[in-house]
1. When we measure straight from the Cα of K303, which aspartates and glutamates land under 12 angstrom away, once same-chain ones fewer than 8 places off are left out?
2. Could you run the Karplus curve 6.51 cos²θ - 1.76 cosθ + 1.60 with θ = phi - 60° over region 329-340 and give me ³J(HN,Hα) per residue in whole Hz, x for Gly and Pro?
3. If I measure Cβ to Cβ between cysteines in the chain, which ones have no partner under 4.7 Å?
4. Calculate the dipole size of region 1-144 relative to its Cα centre from +1 charges on Lys and Arg beta carbons and -1 charges on Asp and Glu beta carbons; express the result in debye to the nearest 20.
5. Once Rh for region 1-110 is found with the Kirkwood sum over Cα pairs, what is the Stokes-Einstein diffusion coefficient at 10 °C and 1.306 mPa s, in µm²/s?
6. With point charges of +1 on the Cβ of Lys and Arg and -1 on the Cβ of Asp and Glu, referenced to the Cα centre of the chain, which listed residue (G261, S292, G136) lies farthest in the positive direction of the dipole?
7. What's the magnitude of the charge dipole for region 159-220 around its Cα centre, counting Lys and Arg as +1 and Asp and Glu as -1 at the beta-carbon? Answer in Debye, nearest 20.
8. Output the relative contact order of the chain, whole-number percent, from Cα pairs under 8 angstrom with separation of 6+ residues.
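The values are calculated or read from the model by the stated rules, or taken from the named source; none is laboratory data. For clarity, every value in this text was computed on a predicted model and none was experimentally measured. Reconstructed Cβ throughout: ideal geometry from the backbone, glycine too, with neighbour counts over all protein chains shown. The accessibility values were calculated without ligands, DNA or RNA, using every heavy atom of the protein model including side chains. Shrake-Rupley method; radii C 1.70, N 1.55, O 1.52, S 1.80 Å.
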Amino acid sequence: MRTLRFAALGAGFWARFQLAGWREAGPCECVAIYNRTRAKAEAVASEFNIPKVYDTPEELLGNEQVDFVDVITAVETHAPLVELAARHRRPVVCQKPMATSLEEAERMVRVCREAGVPLYINENWRWQTPIRELAGVLQSGVIGTPFRARIDMISGFPVFANQPFLKTVEEFILTDLGSHTLDVARFLFGEAESLCCQIQRVHPDIRGEDVSTTMLRMRNGMTILVEMAYAENCLERDRFPETAIFVEADRGSAELTLDYGIRVTTSAGTHLRRVPPPRYAWADPAYDVVHSSIVPCQANLLKALRGEEPAETTGEDNLKTVRLVFGCYQSARMDQVVRLPG
Ligand code: 89Y
């Protein structure tokens, strides 16, 4: 099987984990890296044995015949870098959140489509071991037809310590974390037809919102509540970055609890099992379940790049998540229900 050669654009906090993830994902090799601050690219290059470091993405793409490009930079550079890759006819994997606005995300998808270049989004949350296990329970039909669910990602973890730029963004928790949790809502329960959302800011020293409450009405009739907070308050059970999910259905209920428990309750009683994620030596233990989910996500993208299986998180697909994220801001701003395209 041929080893796919790729270039990494970006050498920030997530780059090290994604590069380690690609090594686990299948036969691929990072052959060149660019970063705005060259010293950072050089440090990552020496850690991962990447032979070439470039000062500009244009020079890199002009010189290197890569099979795909992995964009791991800050969100405002995603559109120009994806479009640059499209001009060079290089398939591109782009970090979440896809773009700074819905219009920008739509343009990225359009440009890639017109250039005939595959665009994939590195959206890993839905690949977390416990979330996949919960999906299996729902698909098995054991609890019947779900009618309501709650998806909670509530933590006091100091996210700004590792990602200080998040303090400066005008739209914070919905873009940073809502890109994930709203994508999980779609993954588990399908598409939404309307939503309403409220946002709050608890940290006095950040620009954006750090608390959000979203209610989705799904096309299948379900009601989904998505609650998020990064308030740095004290929680008795803070299990960053685990997502807790509770699903009510007509023949039972299912719960993804903190500490990776899956509880399934039917008339026969409650069955509990633990479904911890795999541990990788390169993962930061504080981000365990997220870092390990990079591997199956990138394995799926690699297979898609080889034409072996469809990618789950294509640009087209992720556009629906982006619509939810910006629909939430619109709803919060206008204090109104927002309808989503059918
Ligand atoms: O940036 C975010 C992500 O994608 O996973 C967790 C995080 O680091 C903080 O919300």
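1. Output for K303: E312.
2. Result, ordered by residue: 5, 4, 5, 5, 5, 8, 6, 9, 6, 10, 8, 9 Hz.
3. Here C28, C30, C94, C112, C196, C234, C297 come out as lacking a disulfide-compatible partner, given the Cβ-Cβ threshold of under 4.7 Å.
4. Working: 17 positive and 18 negative charges, 44 e Å.
Its charge dipole is roughly 220 debye.
5. On the way: Rh = 13.9 Å.
It comes out at roughly 114 µm²/s.
6. G136
7. Numbers: 6 positive and 9 negative charges, 25 e Å.
Computed charge dipole of region 159-220: roughly 120 debye.
8. Working: 712 pairs, mean separation 64.2, N = 342.
Computed over the chain, the figure is 19 percent.
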